[in-house]
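Encoded as structure tokens, the structure appears first; notes follow it.
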Amino acid sequence: MKAGMTPPEWRTFEPTLGMFLEEGVPKHLKRVTACSSSTVSRLLAKLSTEQLEQARIRFQSEALRKEYDRLRGKKPWLVIRVDLTSIEKTGKALPYTRTYNGVFGIHLVVIHVSIGKLSFPMGHAIYDPARDETPIQLALKLIKRFHPYLWGDMPQFLVMDSGFYSADAMDLLRWWGFEHVSIGGRSNLLLSDGRQLKEVKRGECIELDGLPGMPLYASWVELPRDGKMKRFYVLDTKPGTARTLTRRHKRRWLIESFFKSAKYDFGLKETRLRTETGIKNWLFLVWLSISLAMYQQFRAGMTEGKHPAWRLTLAESGEAMRLYLMPHIVQQALLAKLYHLAAVERMFQTSKIARAV
């Protein structure tokens with residue numbers, strides 16, 4: 001990444017990335033220790049991250065491939081999750097803001113990919129009010145970038161919620177070569193035999209009106225919503241029992257915990273720069289920092305026993321990666337604090353002497 005920047009840009013970019021990785025601190029430009037917030041703001045307002053983005057995706061793809069090749073026995077799916085998340089905002093002057101699903105802010109369609117326990121955010125698209133594209137169209141553009149040919153022999157499993165369902169989208173995914181897709185469906189979807197989706201049996205093979213020649217397998221899961229149980233329907237292109245179909249679709253839920261950590265540990269909810277380029281670069285730093293943390297968390301591994309858990313949280317993993325990648329930045333910050341403490345101590349000593357005189 002360093003090769004794609006001038007030395008002054010790198011001297012600003014590196015500590016800024018360190019701030020995104022640092023555990024337990026608000027993600028504000030004034031928290032960058034090695035340079036001023038105005039310097040960081042100017043860099044983010046003009047920096048082109050296209051080459052950096054390509055380097056990030058190349059690193060992620062290679063790491064996923066190595067993990068797939070390393071695993072023995074029955075190979076896991078490459079699970080591709082697509083979902084939408086919202087960054088709630090109040091300022092009307094910010095770029096990309098709009099109201100969607102009752103939330104005013106910046107709305108992102110995100111693609112998240114995993115092999116076994118290793119996972120990464122691979123890309124995003126902003127639901128831009130200045131364009132006519134819908135979230136479904138944005139999702140399809142993202143998915144096309146990670147077409148099956150990119151992954152070679154790795155079996156892919158694409159999972160999305162009902163907000164991305166359309167007959168045209170399912171037809172297009174089939175045309176692109178996605179053989180295994182699990183997607184949420186609305187209860188009133190019409191079947192070819194005249195019934196609605198809410199009338200099917202769990203595990204039943206159905207055909208939707210508008211999707212001739214595509215057998216789908218239906219199930220549902222009931223979850224608490226607003227104090228009562230709500231039924232969510234699942235459509236899968238591969239057969240399975242009712243329990244198997246819902247268990248497969250639950251793989252989508254990993255992206256929900258990812259969104260939570262991205263917002264509260266890595267600065268996604270604090271996206272606040274006032275230019276389009278600045279917001280795009282802030283998002284790039286969020287995805288880069290959380291990707292590094294995910295890789296470190298994966299390397300640290302999980303505990304043993306009946307209820308294994310990650311040895312490090314994502315926030316702890318980000319801090320470990322910061323110490324590993326940029327110890328000189330951490331050292332500079334510590335020295336700056338020591339100098340500040342020494343200056344404060346001298347000031348108090350001078351004040352005591354003055355009062356004594």
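Just so it is clear, none of the values below were taken in a lab; they were calculated from the coordinates. Everything quoted here is computed from the prediction, not taken from an experiment. With ideal geometry, Cβ positions are generated from the backbone for all residues, glycine too; neighbour counts draw on all protein chains shown.
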What whole-number distance in Å separates the alpha-carbon centres of segment 258-293 and segment 325-357?
33
Taking a ≥ b ≥ c as the square roots of the eigenvalues of the Cα gyration tensor of segment 50-264, is the shape rounded (a/c under 1.5), prolate (a/b larger than b/c) or oblate?
oblate
In nm, spacing of pseudo-spin labels at Gln196 and Ser61 (7 Å Cα→C-beta vector)
4.4
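Computed FRET efficiency, Cβ-Cβ of Lys337 and Trp175, R0 56 Å: what is it to the nearest 0.05? Present the calculation step by step, with values, prior to reporting the outcome.
Working: r = 58 Å, r/R0 = 1.04.
Approximately 0.45, to the nearest 0.05.
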Mind pulling the angle between the C-alpha long axis of helix 135-145 and the longest principal axis of the chain? Nearest 10 degrees, somewhere in 0 to 90.
80
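Defining a contact as two alpha carbons under 8 Å apart and six or more residues distant in sequence, what relative contact order in percent does segment 280-356 show?
23
With the contact rule set at Cα under 8 Å and sequence spacing of 6 or more, what percent relative contact order holds for segment 221-271?
Values: 23 pairs, mean separation 9.6, N = 51.
19 percent.
At a Förster distance of 51 Å, what's the computed FRET efficiency of Lys92 paired with Gln54, Cβ-Cβ distance as r, to 0.05?
Working: r = 34 Å, r/R0 = 0.67.
The computed FRET efficiency comes out at 0.90.
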Under a straight-distance cross-link criterion of Cα-Cα below 18 Å, which lysines are reachable from Lys250, leaving out those fewer than 8 residues away in the same chain?
Lys117, Lys230, Lys238, Lys260
Estimate the FRET efficiency between Met154 and Glu270 by the formula 1/(1 + (r/R0)^6), using the beta-carbon distance for r and 45 Å for R0, to the nearest 0.05.
0.80
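With a cut-off of 8 Å between alpha carbons and a minimum separation of six or more residues, what is the relative contact order of segment 114-179 in percent? Write out the running numbers ahead of the final one.
Details: 29 pairs, mean separation 21.1, N = 66.
Relative contact order for segment 114-179 comes out at 32 percent.
In deg cm²/dmol and to the nearest 500, what is the mean residue ellipticity at 222 nm of the chain if only DSSP H runs of at least 4 residues count, each as -39500 (n - 2.57), divided by the residue total?
Numbers: 10 runs with 153 residues, N = 357.
Taken over the chain, the calculation gives -14000 deg cm²/dmol.
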Taking the Cα atoms only, what angle lies between the long axis of helix 37-46 and the longest principal axis of the chain, rounded to 10 degrees?
40
GNM result for the chain, Cα springs below 10 Å: residue of Thr241, Thr90, Thr33 fluctuating most strongly
Thr90
What order do you get for Trp253, Trp287 when you list them from fewest to most C-beta neighbours inside 10 Å?
Trp253, Trp287
First select every other residue whose beta carbon is under 15 angstrom from the beta carbon of Lys92; then total the charges, Lys and Arg +1, Asp and Glu -1.
+3
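Which order, highest average first, do 49-59, 15-25 follow once you tally other Cβ atoms within 10 Å for each residue and take the mean per peptide? The partial results should precede the final answer.
Values: 49-59: 15.2, 15-25: 20.9.
Packing proxy ranking, top to bottom: 15-25, 49-59.
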Among segment 74-102, those whose backbone N falls under 20 Å of a label point 7 Å along Cα→Cβ from Asp226 are 86, 100-102
Can you tell me which of Val40, Val159, Val344 moves the most in a GNM of the chain? Springs connect C-alpha atoms under 10 Å apart.
Val344
With the crude spin-label approximation of a point 7 Å out along Cα→Cβ, what separation in nm comes out for Arg145 versus Glu345?
5.1
Cα long-axis angle, helix 254-264 against the chain (0 to 90 degrees, to the nearest 10)
20
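At 0.36 nm per residue, and after removing the present C-alpha to C-alpha distance, how many nm does the segment from Arg355 to Glu9 gain when stretched out fully? Don't skip to the answer; put the middle values down first.
Working: separation 346, 0.36 × 346 = 124.56 nm, distance 4.78 nm.
119.8 nm is the gain from fully extending Arg355 to Glu9.
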